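One structure is given here, and the rest of the page talks about it.
Each value in this text was obtained by applying a stated rule to the coordinates, not by laboratory testing. Worth saying up front: this structure is predicted, and the values here are computed from it rather than measured. Heads up, the Cβs are rebuilt from the backbone with ideal geometry, glycines too, and the neighbour counts pull from every protein chain shown.
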Amino acid sequence: DAKTTQPTSMDCAEGRAANLPCNHSTISGNEYVYWYRQIHSQGPQYIIHGLKNNETNEMASLIITEDRKSSTLILPHATLRDTAVYYCIVRSPSGSARQLTFGSGTQLTVLP
Amino acid sequence: NAGVTQTPKFQVLKTGQSMTLQCAQDMNHNSMYWYRQDPGMGLRLIYYSASEGTTDKGEVPNGYNVSRLNKREFSLRLESAAPSQTSVYFCASTYVRQNYGYTFGSGTRLTVV
C-alpha cells in the first residue's frame, strides 16, 4: 500500500476555506485517494475519493496534482462542526479487502 | 436506513470474562470489518470478512474471534477479556473491489477492569 504523509495539526478560522494537504509519492497507477474524518471518537466518516481528476461533492473538494504524488482536501467554508481528525488513505479498489490503513491523520481545529 | 449498527454502545468487563460485540449493516455490502482504536491512536484492523462465509486476520487479531453470521451480521468475540483490550471498537462495511467508501458504526466503548 502506498504510504501517506499529513501534517499533525492545522487551524482554520470559521467561514474560511480549510486546505488539508497529503503527500503520497509512492502511489500506484490504480490506487485511489480517499479522505475520511473522525469527529471526537465517533466512527470515521467517508468524505470523498478520486483517482486523478479533481472531485467535488456536497462536503468537500479534492484536488490531485497531475503527477498524483500529492492531494489537497478543501472544505470551502469551514464550520466549528468540521473540527475533526482527517485521514488521507490510498487504496486500490481491486486490491484485497484489508487495504484501508489509517495513519495518524491531521487534527483540524476550526476557530471561532 | 440505519447504516451500520453496533451493540452494545458501552460495556465494562472484568478480566477473564467473555462477551460478543454485535454488528449489522443494512446496505447489502459484501465486506465487513472490525477495528479497534486506543486513546490518541489511529484505527487498527482486527479481523475482516471479504464476503459471506470468509474471515481473515488483520493487524491485531490475538485475543479475538469473529463470525460472519450472514451477509448482514459480523460479530466479534472476546473469549477471556484482558485490560489491554480496553478500547473503542468500530465495525465497518463496504463493497470491496468497487469505488465505495467504508461506512462505520458509532462504536462500542469497552473497558476491562
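A few points about this structure:
- With θ taken as phi - 60° and the Karplus curve 6.51 cos²θ - 1.76 cosθ + 1.60 applied, the whole-hertz 3J(HN,Hα) list for the stretch B:25-39 is 10, 10, 9, 6, 5, 9, 10, 9, 9, 10, 10, 10, 9, 8, x Hz, x standing for glycine and proline.
- Looking at the stretch A:24-112, none of the trypsin sites (Lys or Arg not before Pro) sits in a DSSP loop with at most 11 other Cβ atoms within 10 Å of its own Cβ.
- 5 angstrom amide H check on residue B:66, placed H, neighbours 5+ away: B:77
- What the phi angles of the stretch A:52-62 give under the Karplus curve with 6.51, -1.76 and 1.60, with θ = phi - 60°, is a coupling list of 8, 8, 5, 10, 9, 9, 5, 9, 7, 10, 10 Hz, glycine and proline written as x.
- Amide H contacts under 5 Å for residue B:30, placed H, 5+ residues apart: B:94, B:95, B:96
- Label-zone membership for the stretch A:42-73, site residue A:109, 7 angstrom Cα→C-beta point, backbone N under 20 Å: A:42
- DSSP-loop GluC sites (Glu not before Pro) across the stretch A:43-112, with at most 16 other Cβ within 10 angstrom: A:58, A:66
- One decimal place: the segment residue B:79-residue B:28 gains 15.5 nm when fully extended, by the rule 0.36 nm per residue minus the C-alpha distance.
- By the Cβ rule of 4.7 Å, chain A holds the following cysteines without a possible disulfide partner: A:12.
- Per-residue 3J(HN,Hα) values for the stretch B:66-75, derived from phi via the Karplus relation 6.51 cos²θ - 1.76 cosθ + 1.60 with θ = phi - 60°, read 10, 9, 8, 5, 6, 5, 7, 10, 9, 10 Hz in sequence order (x marks Gly and Pro).
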